[in-house]
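Heads up, the thing below is written out as structure tokens.
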Amino acid sequence: MKIGKLPEQVLVRSVIKKISHRRDEVLFGPGVGRDCAALKLAKDEIFVISSDPITGTVKDIGSHCIYITANDLAAAGAEPVAVMVTALLPPETEEKDLRGIVEDMEKTCAALDMEVIGGHTEVTDTVKQPLLSVTGVGKMKAGEALYEKKLKAGQDLVVTKWIGLEGTSIVAKERAQKLREVFAESFVRTAQNFDQYLSVLPESRIAMEHGVSVMHDITEGGVFGALWELAQGADVGLDVDLKKIPIRQETVEVCEQFGLNPYLLMSSGAMLIGTEQGEILVRKLQEAGIPGTVIGQAVEGSSRILRNGEEIRYLDRPQSDELYKIYQMEKTPASIGGE
């Protein structure tokens, strides 16, 4: 496509006509020549806002951008309502690629009962692959906000589902051919399909119903990064059992194949929760079909201990996410098309 704003006919047929209106809060959304959207909430509700750039992958970037933003809102205890998306596209992007991104966004929004309410689309040679910047809007009852709360010493740490889900799915899609040289096709497909677990909205709702102090969606930097950020923000220590951190065997195998540390791998789909009664929350999650595991506790002081049997090590400051190593190894950017 040519550099600059999208032609009106492309914007209409491949973006605006692909987006549906489904939320009563949205008074008006995207349209030609319309640069703003309008939402209205009840008088006892408040807005919760989140913003994210999506740079780790191009495959399924449309669905990833919605899941990641919705998860940020859910981690604050909010109900996701809508997103605004800025899409910067390199000139070699074809209209079918743009249409596919928008269709993936809309499909995920429909599954999560959200709505795309606007944004901006532009073709530019300043990016080498599609770049999406997403602003999410959520709502919650006044007085329920988790952003005012912190992890406290003595509270349990719960991880939902399994770590590394997002990173495993991305690696399995971006480097599918290399994995097929080692593993069966069924293994590769299973790893790729970990993106079916990316939403943390169900566990967020359950956690809010049963009393939690804090929730943190485990994204860039993996579970180690999330643990550090949670403890640092509350000025507490940690005592975590590495063997209890839940991880799928497919993640272990994929990480071993590419020399990645799964504990530092993007993990959208897993939620880290601080709560007074971890085992009760785990039971409530399991009753809803969501795996949950108590992996340790917050403790007094500043020591952040990771136990592995008799071995003890200490948690380091967050490092660069392991996912980026697969691009550094290959020295090639992510492809535009789907698998």
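The values are calculated or read from the model by the stated rules, or taken from the named source; none is laboratory data. Keep in mind that this is a model prediction, so the values were computed, not measured. We place every Cβ from the backbone using ideal geometry, glycine too, and count neighbours over all the protein chains shown.
To keep it simple, each residue is scored yes or no on (1) over 24 Å from residue 279 (Cβ atoms); (2) surrounded by fewer than 22 Cβ atoms within 10 Å (Cβ to Cβ).
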{"residue": "202", "(1), (2)": "no, yes"}
{"residue": "208", "(1), (2)": "no, yes"}
{"residue": "226", "(1), (2)": "no, no"}
{"residue": "235", "(1), (2)": "yes, yes"}
{"residue": "241", "(1), (2)": "no, yes"}
{"residue": "246", "(1), (2)": "no, yes"}
{"residue": "250", "(1), (2)": "yes, no"}
- line: Within segment 277-298, the count of residues that are surrounded by fewer than 18 Cβ atoms within 10 Å (Cβ to Cβ) and more than 18 Å from residue 247 (Cβ to Cβ) comes to 8
message: Quick check on segment 39-49: of everything there that is surrounded by 12 or more Cβ atoms within 10 Å (Cβ to Cβ) and of a type outside the set (Phe, Trp, Tyr), which residue is farthest from residue 122 (Cα to Cα)?
response: 45
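Of everything in segment 188-204, what is assigned to a helix (DSSP H, G or I) and touching a residue at least 40 places away in the same chain (Cβ under 8 Å)? Give them in sequence order.
190, 191, 192, 194, 195, 197, 201, 202, 203, 204
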- request: Output yes when any residue across segment 9-26 is surrounded by 22 or more Cβ atoms within 10 Å (Cβ to Cβ), more than 29 Å from residue 207 (Cα to Cα) and at pLDDT 90 or above, and no when none is.
  value: yes
- prompt: Does residue 111 meet the test of being at pLDDT 95 or above, surrounded by fewer than 23 Cβ atoms within 10 Å (Cβ to Cβ) and within 21 Å of residue 268 (Cα to Cα)?
  reply: yes
- prompt: strands (runs of 3 or more DSSP E) wholly in segment 209-307 with at least 3 residues that are hydrophobic (A, V, I, L, M, F, W, C) - which ones?
  reply: 271-275, 292-299
- line: Of 79, 115, 94, the only residue that is out of contact with any helix residue (DSSP H, G or I) (no Cβ under 7 Å at 6 or more places or on another chain), of a type outside the set (A, V, I, L, M, F, W, C) and under 17 Å from residue 25 (Cα atoms) is 79
- prompt: Which one of these is of a type in the set (A, V, I, L, M), under 17 Å from residue 70 (Cβ atoms), out of contact with any Gly (no Cβ under 7 Å at 6 or more places or on another chain) and at pLDDT 95 or above: 165, 201, 179?
  reply: 201
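Can you confirm whether segment 36-44 contains a residue that is in contact (Cβ under 8 Å) with a residue 40 or more places away in the chain, part of a strand (DSSP E or B) and more than 12 Å from the chain's Cα centre (by Cα)? Can you show your working first?
Start the filter on segment 36-44 by keeping residues that are in contact (Cβ under 8 Å) with a residue 40 or more places away in the chain, which leaves 36-37, 39, 41, 44.
Now drop any that are not part of a strand (DSSP E or B), which leaves 39.
Now restrict to residues that are more than 12 Å from the chain's Cα centre (by Cα): 39.
Yes: segment 36-44 contains one or more residues that are in contact (Cβ under 8 Å) with a residue 40 or more places away in the chain, part of a strand (DSSP E or B) and more than 12 Å from the chain's Cα centre (by Cα).
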query: Does residue 77 qualify as being under 17 Å from residue 14 (Cβ atoms) and among the small types (Gly, Ala, Ser)?
result: no
task: Hand me the list of strands (runs of 3 or more DSSP E) wholly inside segment 98-181 holding 2 or more residues that are β-branched (Val, Ile, Thr) and not assigned by TED's automatic domain parsing to the domain that holds residue 74.
output: 156-160
message: Looking only at residues that are farther than 20 Å from residue 242 by Cβ and under 19 Å from the mean Cα position of the chain (by Cα) in segment 299-324, which one is surrounded by the most Cβ atoms within 10 Å (Cβ to Cβ)?
response: 323
message: Go through segment 59-75 and report how many residues are surrounded by 24 or more Cβ atoms within 10 Å (Cβ to Cβ) and part of a loop (DSSP other than H, G, I, E, B).
response: 0
- prompt: What is the residue count in segment 76-93 for residues that are surrounded by fewer than 18 Cβ atoms within 10 Å (Cβ to Cβ) and touching a residue at least 60 places away in the same chain (Cβ under 8 Å)?
  reply: 2
- line: Being at positive phi and touching a residue at least 60 places away in the same chain (Cβ under 8 Å) narrows 233, 211, 225 down to just 211
